[in-house]
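Enquirer: Dropping a structure here in structure tokens format, bear with me for questions.
The values are calculated or read from the model by the stated rules, or taken from the named source; none is laboratory data. Predicted model, so just to flag it, every value in this text is computed and none were measured. Please note: Cβ atoms are built from the backbone with ideal geometry, for glycine as well, and neighbour counts cover all protein chains shown.
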Amino acid sequence: MPPHIPVLAGPSVDALAIRSDGTYVDATFGAGGHSALILAALGAAGRLIALDADPSAGARTIADPRFTLINANFRDLASVLDALAIERVDGILFDLGVSSMQFDEGERGFSFRAAAPLDMRMDPTRGESAADLLATRDERELADLIYAYGEEKKSRRIARGIVALRDAGTPVRDTADLANVVARAVRAPAHQRIHPATRTFQALRIAVNDELGALRDGLGAALARTATGGRIAVIRFHSLEDRIVKRTFREDARVRAVTRKPVVATEEEVASNPRARSAKLRVAERIEVAS
């Protein structure tokens, strides 16, 4: 399996303007690439708190006295900081979406590249799986979900196909089944670069993990707990996330946008890490709010 390469690693860590003695949060630890760079920029008095909803992240922890890894979703950032008796932090980094490691772990059900159970949970010990969702939602709910979270124009046809199989006693059971249902419904041209099931898989993953709700909660906590002059950096991979981040950084009086336009990967980074193609970085700075 190829090593996980953190996306926009240099620009995102540079954007935090790290103080050697500061306290920082890597809200999405993953394989620890961003965390390692933050720790390299910190001095002996610095501190880094990392969060990851995936329990398997614990196997990749970093042995460093300045580092603490917590198994938690970033929507719980405030309670994590409370438990650690940390009132304010000097910067927070969010790298949204699914890591390449999770895509590569076929049994997690995030990818249609191999047949696997339809799970898609970031934390497989909590909540309903994608299979549970497909088994319990009616046709209209499924269509609305696929359209809203996947921006899939043929969502109604896809939902109709899923429910028809369920009613016939042959429900969608794994990733291959779902990919086939979508492909039949979408009828994409053979030369299309993006697999026709990509948007539907995205939609289900977002719904299962309540990713947009978690992002709103996480940003809210970040705004409340970042010290004046501290930075909040967000790497996003699709427009639904970007709308939330852009609106928050534009409309919340507690921050000013540092990046007028999102930072994107260079051609060299995309060549070495294709996942970076859709990545965009937005950065804001916490400012003093007049009382």
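Enquirer: Check off (1) of a type in the set (G, A, S); (2) over 20 Å from R75 (Cα atoms); (3) in a strand (DSSP E or B) for A276 and give me the number that stays unchecked.
Expert: Every condition holds for A276 apart from (3).
The rows are residues; the columns are (1) surrounded by fewer than 21 Cβ atoms within 10 Å (Cβ to Cβ); (2) assigned by TED's automatic domain parsing to the domain that holds A53; (3) under 29 Å from R243 (Cα atoms).
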| position | (1), (2), (3) |
| --- | --- |
| D138 | yes, no, yes |
| D177 | yes, no, no |
| V181 | no, no, no |
| P196 | yes, no, yes |
| R199 | no, no, yes |
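Enquirer: Now for a separate question. Among residues belonging to the range 130-146 that are out of contact with any Asp or Glu (no Cβ under 6 Å at 6 or more places or on another chain) and in contact (Cβ under 8 Å) with a residue 24 or more places away in the chain, point out the one that is farthest from P171 (Cα to Cα). Walk me through how you get there before you give the answer.
Expert: Within the range 130-146, the subset out of contact with any Asp or Glu (no Cβ under 6 Å at 6 or more places or on another chain) is 130-145.
With in contact (Cβ under 8 Å) with a residue 24 or more places away in the chain added as a condition, the list becomes 130-131, 133-135, 138-139, 145.
Details: A130: 13, A131: 9, L133: 12, L134: 9, A135: 8, D138: 13, E139: 13, L145: 18 Å.
This residue is L145.
Enquirer: Then there is this: Would you check if I92 is touching a residue at least 40 places away in the same chain (Cβ under 8 Å) and in a strand (DSSP E or B)? Even if it seems obvious, please write down each step before you answer.
Expert: Numbers: touching a residue at least 40 places away in the same chain (Cβ under 8 Å): yes; in a strand (DSSP E or B): yes.
When the stated conditions are applied, I92 passes them.
Enquirer: Filter the range 54-80 for residues that are crowded, with 21+ Cβ neighbours inside 10 Å and in contact (Cβ under 8 Å) with a residue 40 or more places away in the chain; which is farthest from S20 (Cα to Cα)?
Expert: Here the residue is D54.
Enquirer: Just the residues that are surrounded by 19 or more Cβ atoms within 10 Å (Cβ to Cβ) and over 21 Å from the mean Cα position of the chain (by Cα), please, taken from the range 243-284.
Expert: Selection gives V255 alone.
Enquirer: Output yes when any residue across the range 192-213 is of a type in the set (S, T, Y), in contact (Cβ under 8 Å) with a residue 24 or more places away in the chain and in contact with a strand residue (DSSP E or B) (Cβ under 7 Å, 6 or more places away or on another chain), and no when none is.
Expert: no
Enquirer: When both residues are 6+ apart or on different chains and their Cβ atoms are under 7 Å apart, which pairs have a first residue that lies in the range 244-258 and is in the same structural domain as I232 (by TED's automatic domain parsing), and a second that is modelled with pLDDT of 95 or more and in a loop (DSSP other than H, G, I, E, B)?
Expert: Hits for this filter: R254/I287; V255/I287; R256/I287.
Enquirer: Which one is farthest from L118 (Cα to Cα) among residues in the range 150-180 that are in contact with a Leu (Cβ under 9 Å, 6 or more places away or on another chain) and among the small types (G, A, S)?
Expert: Only one residue tops the list, namely S155.
Enquirer: Additional query: Could you tell me which of the residues D210, D217, D252 is closer than 22 Å to A135 by Cα and either modelled with pLDDT of 95 or more or charged (D, E, K, R) (or both)?
Expert: D210
Enquirer: Only one of A290, A271, A276 is in contact with an Asp or Glu (Cβ under 6 Å, 6 or more places away or on another chain) and modelled with pLDDT under 95; which? Give the derivation first.
Expert: On the way: A290 fails: in contact with an Asp or Glu (Cβ under 6 Å, 6 or more places away or on another chain); A271 fails: in contact with an Asp or Glu (Cβ under 6 Å, 6 or more places away or on another chain).
Selected residue: A276, the only one of A290, A271, A276 that is in contact with an Asp or Glu (Cβ under 6 Å, 6 or more places away or on another chain) and modelled with pLDDT under 95.
Enquirer: Given the condition surrounded by fewer than 20 Cβ atoms within 10 Å (Cβ to Cβ), at pLDDT below 95, closer than 20 Å to R236 by Cα and over 15 Å from the mean Cα position of the chain (by Cα), answer yes or no: does some residue in the range 93-107 qualify?
Expert: The answer is yes, given that some residue of the range 93-107 is surrounded by fewer than 20 Cβ atoms within 10 Å (Cβ to Cβ), at pLDDT below 95, closer than 20 Å to R236 by Cα and over 15 Å from the mean Cα position of the chain (by Cα).
Enquirer: Under 8 Å between Cβ atoms, which residue pairs at least 6 apart in sequence (or on different chains) link something in the range 11-27 that is in contact (Cβ under 8 Å) with a residue 40 or more places away in the chain with a partner that is part of a loop (DSSP other than H, G, I, E, B) and aliphatic (A, V, I, L, M)?
Expert: Cβ pairs passing all conditions: A15/V258; I18/L42; G22/L42; T23/I86; Y24/L16; Y24/I18; Y24/L42.
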